[in-house]
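To start, the structure under review is shown below, and the notes come after it.
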Amino acid sequence: MVQTVTIARPDDMHLHLRDGEMLKTVLPYSVRQFGRAIVMPNLKPPITSVEAARAYRERILAAVPENTSFEPLMTAYLCDATDFATIEEGFVERVFAAVKLYPAGATTHSEYGVTSIDKVAKVLDVMQDLGMPLLIHGESTDPTVDVFDREAVFIERTLMPLLERHTRLKVVLEHITTEQAANFVASDTSGRLAATITPQHLLLNRNAMFTGGMRPHYYCLPVLKRERHRLALRKVATSGSRSFFLGTDSAPHERGMKEASCGCAGIFSAPNALEAYLTVFEEENAVEKFEAFASENGRLFYGLPPNEGTITLTRQPTDAPELVQLSEGKSIQTFMGMGALPWRLVDQKSRQSY
Ligand code: NCD
Ligand code: ZN
C-alpha cells in the first residue's frame, strides 16, 4: 500500500477567496497546497474592471503568509454590458487570466450576471481571438427546470449553441456534476473544452444533504446529484484525460449564513481539498493519475509553466480543523470536518504535519 504521494505543486483552477477578514482567514489554507489559483470574481460588488481586479489581486497578495508564495490568477465577472475593450485590456496587461460567466440568478452573487448569450457575443468573439478562456457556471436559470436537471438543460440549450457560434473559443465548464456534462466534455476532440471537478461531487451524492436531517454544509451549487452522476465524474477525473482538472470551488460562508432559513450555497473545502481528491484517486486505483489531474491538465489548458516544488501527502488521518474561527465568535464549517480522510498534507517548510 502506498504510504506517501509526492506530486508537482498543484493549482486550484476554481477558488472563492472572498475579501477582508474572510480572505485573510481562508487564504493560508489554499497557499499551503497550491501554487496558483483561478480566483472567482463574485464579490459584492463583482470584479468587472481591470482596476478592481488589480486592487483585489493586491489585497490577496498582501494576505499571503510570509515566506510562502502564491499567484492569484484573476477573472473578470461578465455582465450584459461588459465592454470588450475592458476584457482585452485586462488580458493583454496580464491582469485577467479568464472571464467568468454566471447566468444571472444561477448562484451566490450572480445577480449582475448574463441574461442572454446574445448580449455578450462580441466579447466572446474578442476572447476567442485572444485565446482567452471563458469559465462557465453551467446551469439553466429557467425556473420551470428541475434543480437537478439544470446542468444538463444548460448544456443542450446554451452551451452547445455557444460552442457552435464561437468555434475557437476556449471554454471551461466549471464544477461539473452530471454524467451528461462528463460525457459532453469527454467527447470533445478539439481540446478547447475542459471541465473542473470539485472534491464534494467526487465524494458525495445528494443523499449526503438529507442524512438524518437537513445538512446545510453539504449544500452547494450546482447541487450534489445522484450516485450514477458521481460515478461518471469519478471515471473521467481519474481517467488521465487532459480535459478534466482540479478546481475545488471552495466557497466559504460564515456558519450562520448557511444554518439559516434560506442558507447560502457553498462548501469550504480549502483546508483539506487535496486529501479529499487523493482519497478518491486511491479508491479508484488511479493514484498514478492524480498528478495529471491536480498539477498538469489545468496549467496546460491555461498555458502556464509548471509550479516550482512539490507537495507530499502521507497516509495519516487528516488533521484539518472542523471549524475555522472568524472574529466575534463567528466561524466557518470545513467540508471534511464532517468525515475522516486517510491522508494528510505534509507541511513543506518544517516537514511536520500542519
Ligand atoms: C459559490 C459561492 O458561494 O460563491 N457557491 C457554490 O455553491 N459553489 C458560487 C458558485 O461557484 O456557484
Ligand atoms: Zn464557484
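The values are calculated or read from the model by the stated rules, or taken from the named source; none is laboratory data. If you're wondering where the values come from, they're calculated on a predicted model, not measured in any experiment. Here the Cβ positions follow ideal geometry from the backbone for every residue, glycine too, while neighbour counts run over all protein chains shown. Remember, those area values only see protein heavy atoms, side chains included, never the ligands or the DNA or RNA. Shrake-Rupley method; radii C 1.70, N 1.55, O 1.52, S 1.80 Å.
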_Filter result (of a type in the set (A, V, I, L, M) and crowded, with 24+ Cβ neighbours inside 10 Å) within region 243-275_ = Leu246, Ala251, Ile267, Ala270, Ala273, Leu274
*Every residue from region 146-157 that is surrounded by fewer than 21 Cβ atoms within 10 Å (Cβ to Cβ) and not basic (Lys, Arg)*: Asp146, Val147, Phe148, Asp149, Val153, Glu156
*In region 215-242, which residues are among the small types (Gly, Ala, Ser) and open to solvent by 20 Å² or more (accessible area, probe 1.4 Å)?*
Ser239, Gly240, Ser241
*Kindly indicate whether Ala186 is among the small types (Gly, Ala, Ser) and open to solvent by less than 30 Å² (accessible area, probe 1.4 Å).*
no
*Of the residues Ala62, Ala55, Ala121, Ala85, which is in contact (Cβ under 8 Å) with a residue 12 or more places away in the chain and more than 16 Å from ligand 1 (Cβ to nearest atom)?*
Ala121
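Working only within region 88-104, note down all residues that are within 20 Å of Gly298 (Cβ to Cβ) and free of Cβ contacts under 8 Å to residues at least 60 places away in the same chain.
Phe91, Arg94, Val95, Phe96, Val99, Leu101
Of the residues Val64, Val50, only one is on the phi < 0 side of the Ramachandran plot and open to solvent by 10 Å² or more (accessible area, probe 1.4 Å); which?
So the residue among Val64, Val50 that is on the phi < 0 side of the Ramachandran plot and open to solvent by 10 Å² or more (accessible area, probe 1.4 Å) is Val64.
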